[in-house]
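The values are calculated or read from the model by the stated rules, or taken from the named source; none is laboratory data. On a predicted model such as this, the values are computed, not experimentally measured, just so you know. Virtual Cβ from ideal backbone geometry, glycine too; neighbours counted across all protein chains shown. SASA here: full protein model, heavy atoms, side chains in, ligands and nucleic acids out. Shrake-Rupley method; radii C 1.70, N 1.55, O 1.52, S 1.80 Å.
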Amino acid sequence: MGDWEWPLILFTVLGQIAIGIILMLWWLARNRNLNIQLFKRGVHVSGGLLLIALLASLFHLGHPEAAYRALAHLGSSWLSREILFFLLTFLAWIYLFRLSRQQTSSHTLGSGASIITTAETAAGGQPTSNLSLGLGITSLLGLLGIASSAMIYVLPRVPAWNNGGPVLFFLLTTGLLGALCTLVLGGNLLQTAQKKLLLQVSLGCTIFSLILSVIYGSMLSASMEGAASLNYHLSSPLFWVRALVSWLAPLLLLVIILKSPDLGKKNLILTVTLLVGLGEILGRALFYLSATGIQITALF
Amino acid sequence: MVKQLGFVLDVNRCLGCGACAKACQNGNQLAPLLWRRIRRVEKISKDQIQIFYLSTACNHCGDPECLRVCPSGAYAKRRDGIVLHLSEKCTGCKSCVASCPFGAPQYNLQTNKAGKCQLCHERLDQGMPPFCIQACLTGALKLKELKDIAENQLLRLTAPVPSLRLTRPSVFYKPPRTTKL
């Protein structure tokens, strides 16, 4: 069985939230109706989270001062590729940060609603395409980084990980927490249609995550080590807390929010986000704790 | 790769005394770590019994997982097949520890780096045998050029999982005798 890998739990979950937020901003920017204040908030928060995630990852190393060497084996090591993509994501984020500094509230969309503005620069008249391109490139690099992160765990030695599970679960965390955090950051800056879209993404990711977990769990029993991982999950109180706070409660609360006429239940959205955040941290901890590797101990 | 050196263990000769493991630990100043371990294996069926000892260390695989996953290029395979861990390049990320199905690389809490059997390559280069082989009382453990051995006389320590079999461990065992009950 594995250990509590706090640096890796923080790195993966926070990194995925950061990239999820940028991904959602990119999606909202498609129709040129991304609120400039939301863009700024999103970029600042995602940058902070990405920085904390990168710093946390250093504490996993026995020699953090030698972390630069982790780029030396791009040919076959997914860990090298992960570091490369996350560094490129951070560089792309710096470009977004520069754009956010240049943006001013210039163009009012709604009558009387001065807080709703398009993401255009006043001074230079820079088109939104720059912003959309920046968000798109950052999202793409981030998603490649997350896929590389997941591929590190696709190891023949660990049957519970040696499948598409890690990639799908990591991407689902990105979508789910990205959408929820964008909802929290957006608040009143989001239009009703945008809120609805983000809530639907959250609900879809939660349902998919639940279904996938059931299928994944049933697949694990195919091997002895996989069954040991499954038993660890099912016998751990952490797993049942995770099931409650990141599947059952969000399903219920998200449906209630979606059914409300104005989708404006701020406190409920914040509650769901905190519950899902806690659930994902517990889920990631269980991911590392339940890892059971094949130990070849006999002659065949 | 020109050749592939590998351990060959005659399990019928091995007494399980642990001299090889202790010599490795002392010679390489590893305490409290052990790069070589002894395991007692018992296979009992209705009418026969097999009891033997397996002395295992790094298998210096033909296609090593540790070398594939290491992000800092801290593993290298020599032309004689020895898989080397280059401590000066290791960042202590534990990727190799997690990926090796044989549990060969171990994390050293004193150095915060991984380490594993290096097949005493420096001694080999000077014409001396590895510590473990020198210490073996019965000559059960030997180092051989694997191409010179008829494989049908040997067993390979390997896994039932095809993707792990692909690591091609370079360690062979002479099959254990069975005793009728």
Hits in region B:1-11 (condition: closer than 16 Å to B:T56 by Cβ and part of a loop (DSSP other than H, G, I, E, B)): B:V11
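Within region B:38-52, which residues are among the charged types (D, E, K, R) and loosely packed, with under 12 Cβ neighbours inside 10 Å?
Answer for region B:38-52, where residues must be among the charged types (D, E, K, R) and loosely packed, with under 12 Cβ neighbours inside 10 Å: B:R40, B:E42, B:K46, B:D47.
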Taking A:F90, is it open to solvent by less than 70 Å² (accessible area, probe 1.4 Å), at pLDDT 95 or above and within 14 Å of another protein chain (Cβ to nearest Cβ)? no
How many residues, within region B:94-119, are more than 10 Å from chain A (Cβ to nearest Cβ), closer than 18 Å to B:G81 by Cβ and open to solvent by 20 Å² or more (accessible area, probe 1.4 Å)? 1
Residue that is nearest to A:L278 (Cα to Cα) [pool: residues in region A:178-196 that are open to solvent by 20 Å² or more (accessible area, probe 1.4 Å) and within 17 Å of the chain's Cα centre (by Cα)]: A:C181
Among the residues of region A:197-209, write down those that are under 14 Å from A:A243 (Cα atoms) and open to solvent by 80 Å² or more (accessible area, probe 1.4 Å). A:F208
Yes or no: B:A31 within 14 Å of chain A (Cβ to nearest Cβ), more than 12 Å from the chain's Cα centre (by Cα) and surrounded by fewer than 17 Cβ atoms within 10 Å (Cβ to Cβ)? no
For A:L286, indicate whether it is within 21 Å of A:M24 (Cα to Cα), open to solvent by less than 10 Å² (accessible area, probe 1.4 Å) and touching a Ser or Thr at 6+ places or on another chain (Cβ under 7 Å). no
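Which members of region A:176-234 meet the condition of being among the small types (G, A, S) and within 18 Å of A:S290 (Cβ to Cβ)?
A:S209, A:S213, A:G217, A:S218, A:S221, A:A222, A:S223, A:G226, A:A227, A:A228, A:S229
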For residues that are under 24 Å from A:G134 (Cα atoms) and open to solvent by 30 Å² or more (accessible area, probe 1.4 Å), tally how many sit in region A:49-77. 5
Close pairs (9 angstrom Cβ cut-off, 6 or more residues apart or separate chains): farther than 14 Å from A:S246 by Cα in region A:210-221, of a type in the set (S, T, Y) and assigned to a helix (DSSP H, G or I) anywhere: A:L220/A:S229
Exception for B:P175 within (1) more than 14 Å from chain A (Cβ to nearest Cβ); (2) modelled with pLDDT under 90; (3) open to solvent by 40 Å² or more (accessible area, probe 1.4 Å) falls at (1)
Tell me which helices (runs of 4 or more DSSP H) are completely within region A:225-300 and hold 1 or more residues being under 27 Å from B:A104 (Cα atoms) and within 14 Å of chain B (Cβ to nearest Cβ), or say none if there are none. A:266-289
Tell me, which residue of region B:131-144 that is touching a helix residue (DSSP H, G or I) at 6+ places or on another chain (Cβ under 6 Å) and closer than 15 Å to B:C58 by Cβ is surrounded by the most Cβ atoms within 10 Å (Cβ to Cβ)? B:C132
Scan of region A:184-210 for residues that are part of a helix (DSSP H, G or I), polar (S, T, N, Q) and either out of contact with any Ser or Thr (no Cβ under 8 Å at 6 or more places or on another chain) or under 19 Å from A:R32 (Cβ atoms) (or both), ordered by number: A:N188, A:T192, A:Q194, A:Q200, A:S202
Checklist (1) open to solvent by less than 50 Å² (accessible area, probe 1.4 Å); (2) farther than 21 Å from B:G139 by Cα; (3) not small (G, A, S) applied to B:V11, failing item: (2)
Among the residues of region A:149-174, write down those that are farther than 26 Å from B:F102 by Cβ and open to solvent by less than 10 Å² (accessible area, probe 1.4 Å). A:F170, A:T173, A:T174
Of everything in region B:77-93 that's open to solvent by 20 Å² or more (accessible area, probe 1.4 Å) and within 11 Å of chain A (Cβ to nearest Cβ), which residue is nearest to A:S149 (Cα to Cα)? B:K89
